[in-house]
Ligand SMILES: [Fe+2]
């Protein structure tokens, strides 16, 4: 690297205007054609027949559908199995066709259409198609962010990886940090801490969790039956307790499944988290930054570029939608701004008192 360091004068410079990626819809027909193409190619060495959905505004370094989220369409033919891979990215997956078996670390579970699971980082994952149809899944991860930071760890020989990603039974073990006593500075909580606190942080048990569609879907009737006057969203978060107050499915993303009744129109709002919707059933329309989009079953919609004003509406039958949004990432960064209506204040969720819906009134 021969380029010299430069000093860039930013004195008095205005803040950079943000370049919102426009809303785009990858149509069901395109997804199905790509699935067939992936099924027709020679089996790759790692067993992963996969295409990454690339937004037209993405400038890399890897394909991505939102600036911090990649979505891959991953296909396994009957009898095929992917080879184990370990990555420090984490994510969420949904099976959209076929059935099979997922092994993550020591955990194994069967999956079928519309099952969702999270993939913790640094755990080898293997997916096996033991059915008669293609096994197709949508795989969402935070790899684009890690690639931008040039720290995406990917190991295709995970036997060599020492980390188990599991919480050690350390509760009653001696910890070096116990000897590094905190030193208060001032009266408001500032402290000095020794190095031991940096390298022995509190742990959470980060498990692969599984939300089978047959268990989730009956609950969606509850939100589907809620009246149109409900000011919240007709959805459930697929909550992973390892994400604690960040209310995620993976450390970076939440996945929600919404079931909107017919004729539901959300109020225009915005949030710094970016959202990608997969339409599982039904159809509807959106307005995003003034741009209109129509979508229907099987489409994949980049539905909310961060901080873009948007709203979504179901049509005459309602709709069921998987949304993946990088909301927990922003809570961890104290950057989750949220404006629930265009007349509402801009809240910083996680420190400001949050938004109150009319749930208790409509349940009376
Ligand atoms: Fe939204």
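Every number in this text was worked out from the coordinates using simple rules, so none of it is lab data. None of these values were measured; they are calculated from a predicted model. Note: ideal-geometry Cβ built from the backbone for every residue, glycine included; neighbour counts use all protein chains shown.
So here's what we get for this one:
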read-out	value
Gain upon complete extension [residue 150, residue 81; 0.36 nm per residue less C-alpha separation]	21.9 nm
Mean projection area, nm², convex hull over Cα of the range 210-341	7.6 nm²
Computed label-point distance, nm, for sites residue 196 and residue 11 using a 7 Å Cα→Cβ extension	4.8 nm
Paramagnetic reach from residue 133 in the range 13-57 [backbone N under 14 Å; point 7 Å along Cα→Cβ]	32, 36
The range 195-214 versus the range 95-146: alpha-carbon centroid distance in Å	19 Å
By average C-beta atoms within 10 angstrom, highest first, the peptides 10-18, 139-147, 221-229	139-147, 221-229, 10-18
Compactness of the range 24-158, expressed as Rg and Dmax over alpha-carbon positions, Å	14.3, 41
Residues 28, 48, sorted so that the one with the fewest Cβ neighbours within 10 Å comes first	28, 48
Zone residues, the range 208-250, relative to residue 281, backbone N less than 13 Å from point 7 Å out along Cα-to-Cβ	213-225
Peptides ranked, highest mean first, by Cβ atoms within 10 Å: ranges 184-195, 124-135	124-135, 184-195
Gained length - residue 309 relative to residue 19, 0.36 nm times residue gap less alpha-carbon distance	103.0 nm
Net lengthening on full extension, residue 316/residue 42 (0.36 nm per residue, minus Cα-Cα)	94.3 nm
Backbone N within the range 107-124 under 17 Å of label point (7 Å from residue 239 Cα along the Cβ vector)	118
Convex hull volume per residue for the chain, taking Cα atoms only, in Å³	219 Å³
